[in-house]
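The values are calculated or read from the model by the stated rules, or taken from the named source; none is laboratory data. Treat the numbers as computed from the prediction; the structure is a model and nothing was measured. Cβ: placed from backbone, ideal geometry, glycine included. Neighbour counts: every protein chain shown.
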Amino acid sequence: MCGRFTLTANPAEFKNALTGFLFPDQFTPRYNIAPAQPILAIANDGRHTADFFLWGLIPSWSKDALSVHKLINARGETLAEKPSFRGSFKYKRCLIPADGFYEWKVEAGTKTKTPYFIHMKDRQPFAFAGLWDEWHSPDGNTLRTCAIITTTPNELMSNLHSRMPVILDQENYGAWLNPAPQSRENLIHLIQPFAADRMSAYPVSILVNIPGNDRPELIMPMEHTSRNI
């Protein structure tokens, strides 16, 4: 799964890494983005602009917004079948910019979970594949929400968890953001593990376990980071 991630690069770095998209001139660096919080996403609405969405997809047909804390991830294998996701998979896809994410590894023989920070080896920003939707409340307000798609892990991530977020290569951004309705056959080849040799991971402080902690120390390596995962 993907339950926490970071967005710490400055707007200029994101513009260089995700060329062709418009970003806010300023946004606060985030070191511990958690579900139900606002996150930047680029919807396939033809504008190529990063806007703020709430992390936790609420299908447009939902009667209330209570599901916002539940649908933070969408399994890539079943997007076209699940009622909560199939409409967005066909019509409403998005990119979710990030520059790292966290996963927790269960230490062998214990119940201890050690958080790891995962990032690109070149430390460049990247984009998760996501889905979005609009929910209209009875009082007429509109809420835009999104979820991160997950898939089976690559060789690096398999040492940490049984799932990983889908990270798209830049050459596939256009296909994912095509505003035209898409079939499963057109997109399923993009739902795959990212190349492990382009990623790195190291253990970090358990301070990341608390969503209210959001500061640079969270992504600093713990002592003895040379241990293998």
Checklist entry - Name the pairs: first residue in region 211-223 and more than 19 Å from Gly3 (Cα to Cα), second residue outside any loop (DSSP other than H, G, I, E, B) and not aromatic (Phe, Trp, Tyr), Cβ to Cβ under 8 Å, at least 6 apart or on different chains? => result Pro221/Pro203; Met222/Pro203
Item to check | Extreme residue, farthest from Tyr102 (Cα to Cα), among residues of region 166-197 that are of a type in the set (A, V, I, L, M, F, W, C) and in a loop (DSSP other than H, G, I, E, B) | outcome: Ala180
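Within region 45-80, count every residue that is assigned to a loop (DSSP other than H, G, I, E, B) and either without any contact (Cβ under 8 Å) to a residue 40 or more places away in the chain or over 15 Å from the mean Cα position of the chain (by Cα) (or both).
Within region 45-80, the first condition is being assigned to a loop (DSSP other than H, G, I, E, B), and the residues that meet it are 45-48, 56-65, 70-72, 79-80.
Then drop every residue that is not either without any contact (Cβ under 8 Å) to a residue 40 or more places away in the chain or over 15 Å from the mean Cα position of the chain (by Cα) (or both), which leaves 45-48, 58-65, 70, 79-80.
So the answer is 15.
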Checklist entry - For region 3-14, what are the residues that are in contact with a strand residue (DSSP E or B) (Cβ under 8 Å, 6 or more places away or on another chain), in a loop (DSSP other than H, G, I, E, B) and over 11 Å from Gly100 (Cα atoms)? => result Gly3
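Can you work out which of the residues in region 125-145 that are of a type in the set (S, T, N, Q) and in contact with an Asp or Glu (Cβ under 7 Å, 6 or more places away or on another chain) is surrounded by the fewest Cβ atoms within 10 Å (Cβ to Cβ)?
Here is the first cut: in region 125-145, the ones of a type in the set (S, T, N, Q) are 137, 141-142, 145.
Subset that is in contact with an Asp or Glu (Cβ under 7 Å, 6 or more places away or on another chain): 142, 145.
On the way: Thr142: 8, Thr145: 27.
For region 125-145, the residue satisfying everything is Thr142.
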Checklist entry - Only one of Arg123, Arg144 is within 20 Å of Phe14 (Cβ to Cβ), out of contact with any Cys (no Cβ under 7 Å at 6 or more places or on another chain) and outside any strand (DSSP E or B); which? => result Arg123
Item to check | Near pairs, Cβ below 7 angstrom, 6+ apart or cross-chain, from region 15-41 (assigned to a loop (DSSP other than H, G, I, E, B)) to any residue that is among the small types (Gly, Ala, Ser) | outcome: Leu18/Ala127; Phe21/Ala50; Phe23/Ala50; Pro24/Ala50; Pro35/Gly3; Pro35/Gly56; Ala36/Gly56
Checklist entry - within 19 Å of the chain's Cα centre (by Cα) and surrounded by 17 or more Cβ atoms within 10 Å (Cβ to Cβ): does that describe Arg93? => result yes
Checklist entry - Residue check: is Glu171 at pLDDT 95 or above and exposed (fewer than 11 other Cβ atoms within 10 Å of the Cβ)? => result yes
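Each row is one residue, and each column tells you yes or no for (1) among the basic types (Lys, Arg); (2) surrounded by 15 or more Cβ atoms within 10 Å (Cβ to Cβ); (3) in contact with a helix residue (DSSP H, G or I) (Cβ under 7 Å, 6 or more places away or on another chain); (4) at pLDDT 95 or above.
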{"residue": "Arg4", "(1), (2), (3), (4)": "yes, yes, yes, yes"}
{"residue": "Phe14", "(1), (2), (3), (4)": "no, yes, no, no"}
{"residue": "Leu22", "(1), (2), (3), (4)": "no, no, no, no"}
{"residue": "Asn32", "(1), (2), (3), (4)": "no, yes, yes, yes"}
{"residue": "Ala36", "(1), (2), (3), (4)": "no, no, yes, no"}
{"residue": "Trp55", "(1), (2), (3), (4)": "no, yes, no, yes"}
{"residue": "Ser67", "(1), (2), (3), (4)": "no, yes, no, no"}
{"residue": "Leu71", "(1), (2), (3), (4)": "no, yes, yes, no"}
{"residue": "Arg86", "(1), (2), (3), (4)": "yes, yes, no, yes"}
Item to check | Members of region 198-209 that are part of a strand (DSSP E or B) and aliphatic (A, V, I, L, M) | outcome: Met199, Ala201
Checklist entry - Where residues in region 96-117 are surrounded by 22 or more Cβ atoms within 10 Å (Cβ to Cβ) and either among the aliphatic types (A, V, I, L, M) or at pLDDT below 95 (or both), which of them is farthest from Ala74 (Cα to Cα)? => result Ala98
